[in-house]
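**Q** I have a structure here, written as structure tokens, and I will follow up with some questions on it.
The values are calculated or read from the model by the stated rules, or taken from the named source; none is laboratory data. Small disclaimer: the values here were computed from a predicted structure and weren't measured. Using ideal geometry, Cβ is built from the backbone for each residue, glycine included, and neighbour counts are taken over all protein chains shown. Side chains included, ligands, DNA and RNA excluded: accessible areas come from the protein's heavy atoms. Shrake-Rupley method; radii C 1.70, N 1.55, O 1.52, S 1.80 Å.
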Amino acid sequence: MSTLRNLLILVARAGLGIVFLAHGWQKFFTNGISATQQGFESMGAPLPDLSAIIAATIELVGGAGLIFGAITPIWAALLFANMTGAYLIAHIGKGLFVSEGGGELVVALGAGALLLLCTGAGRFSIDGILGGRVPWHRLSTVPA
């Protein structure tokens, strides 16, 4: 894989990770987990107290994982599943645009996570440094 491609994967991975981390931070600390749980309940999320904590944790820790490129395919899969759930619970049937309650952000974030699942973290990452020594490396090694 070329240096330029690895650099672009780093930039995309870090940008996506920052957005996920910020949303997890918001759920835990800005709004508070109690308010997040109430929001999940009002949206009809199953087991809202637990699902709010799980979603916030996946976003916060998974976002950091993407930034550093650590266990990337696992975090990418969990983040994709998280965004799929968010779309199906809170956004489906509300159009595309966020201003109307639509799911454009969760679709974009989910698509980005799915893309990282396919491409891997690239050379400039913890996963890249460890290379084939970690079992999850094979999960996202797709020929260019």
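**Q** Is it true that L66 is in a helix (DSSP H, G or I) and open to solvent by less than 20 Å² (accessible area, probe 1.4 Å)? Spell out how you get there, then give the answer.
**A** On the way: in a helix (DSSP H, G or I): yes; open to solvent by less than 20 Å² (accessible area, probe 1.4 Å): yes.
Judged against the criteria, L66 is a match.
**Q** From the list A14, A45, which one is aliphatic (A, V, I, L, M), open to solvent by less than 50 Å² (accessible area, probe 1.4 Å) and either closer than 17 Å to R123 by Cβ or in a helix (DSSP H, G or I) (or both)? Steps first, answer last, please.
**A** On the way: A45 fails: either closer than 17 Å to R123 by Cβ or in a helix (DSSP H, G or I) (or both).
The conditions single out A14.
**Q** Tally the residues that are more than 23 Å from I54 (Cβ to Cβ) and open to solvent by less than 90 Å² (accessible area, probe 1.4 Å), restricting the search to the range 80-102.
**A** Number satisfying all stated conditions: 3.
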